[in-house]
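A.B. asks: Handing you a structure now.
The values are calculated or read from the model by the stated rules, or taken from the named source; none is laboratory data. Just so you know, these numbers come straight off a predicted model, no measurement behind them. Note that we place each Cβ from the backbone using ideal geometry, even for glycine, and neighbour counts take in every protein chain shown. Accessible surface is based on the protein model in full, side chains and every heavy atom, while ligands, DNA and RNA are left aside. Shrake-Rupley method; radii C 1.70, N 1.55, O 1.52, S 1.80 Å.
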Amino acid sequence: LARLTGSKVCPDLDQALVYAEDSLIAMVDPKLLYDNIKRSFLTAGSKQIRSLEEEKIYAIELLHRICPGEEWQLVERFLSYFSREIYNKGDILWKQGTQSDSAKLLVTGDLISSLENEAGTTETISIGSVIGESGLVENHNRNSTVHVLEDDTVLYSLSRESWEEIKQKDPKVAHLLYAIVVRYLTLRVQHVSNRIFETRCLPI
């Protein structure tokens, strides 16, 4: 607890509990939680990137963490299909309901996702997250609007054209994105199930 250096006021008890849980996870192992909590509450474990080559290696590390058990060379090949992009505070990556034409890996900076039809429903996006993967794979429209909160936010982007090329020419790499989609879907289902159990509002 001595490492906590800040505070946060949450709009409701649920978000406060989630924030507290994430803070404790970050204190135990910062590698498990690359997001605003780590950067604002923990003084150790930050990644200093001094060159584009170091950034690329860091991006491969982040991607490798969500592809557990896969060979480093395969993940490196996966990243080779991505292109580097830089955004500034106030930019919008995409709007809810627009066509899904890419998936992106957040390497540095801050993003927030919001649902336009539900006032106040937002979710911060962690460094190391792949976003837009489901829409790219399933070819459906964006589920939310994503805003950039920090200047010089770096993302690596996989375009639809590159994704089609991967499916045709590199099925082993294509498997990685499919696995990420399944992994994220599993985490979301577990999160919803846990919330239902905690409130004792079990479906009948």
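A.B. asks: Can you name the residue in segment 59-114 that is surrounded by fewer than 19 Cβ atoms within 10 Å (Cβ to Cβ) and basic (K, R) and is also farthest from E161 (Cα to Cα) among such residues?
C.D. replies: Among those residues, the one meeting the criterion is K89.
A.B. asks: Any residue that is aromatic (F, W, Y) and without any contact (Cβ under 8 Å) to a residue 24 or more places away in the chain - is there at least one of those in segment 72-83?
C.D. replies: yes
A.B. asks: Within segment 132-142, track down each residue that is outside any loop (DSSP other than H, G, I, E, B) and open to solvent by less than 20 Å² (accessible area, probe 1.4 Å).
C.D. replies: The answer is E133, G135, L136.
A.B. asks: Checking the structure you have, find out if any residue of segment 171-189 is assigned to a helix (DSSP H, G or I), surrounded by fewer than 16 Cβ atoms within 10 Å (Cβ to Cβ), modelled with pLDDT of 95 or more and basic (K, R).
C.D. replies: The answer is yes, given that some residue of segment 171-189 is assigned to a helix (DSSP H, G or I), surrounded by fewer than 16 Cβ atoms within 10 Å (Cβ to Cβ), modelled with pLDDT of 95 or more and basic (K, R).
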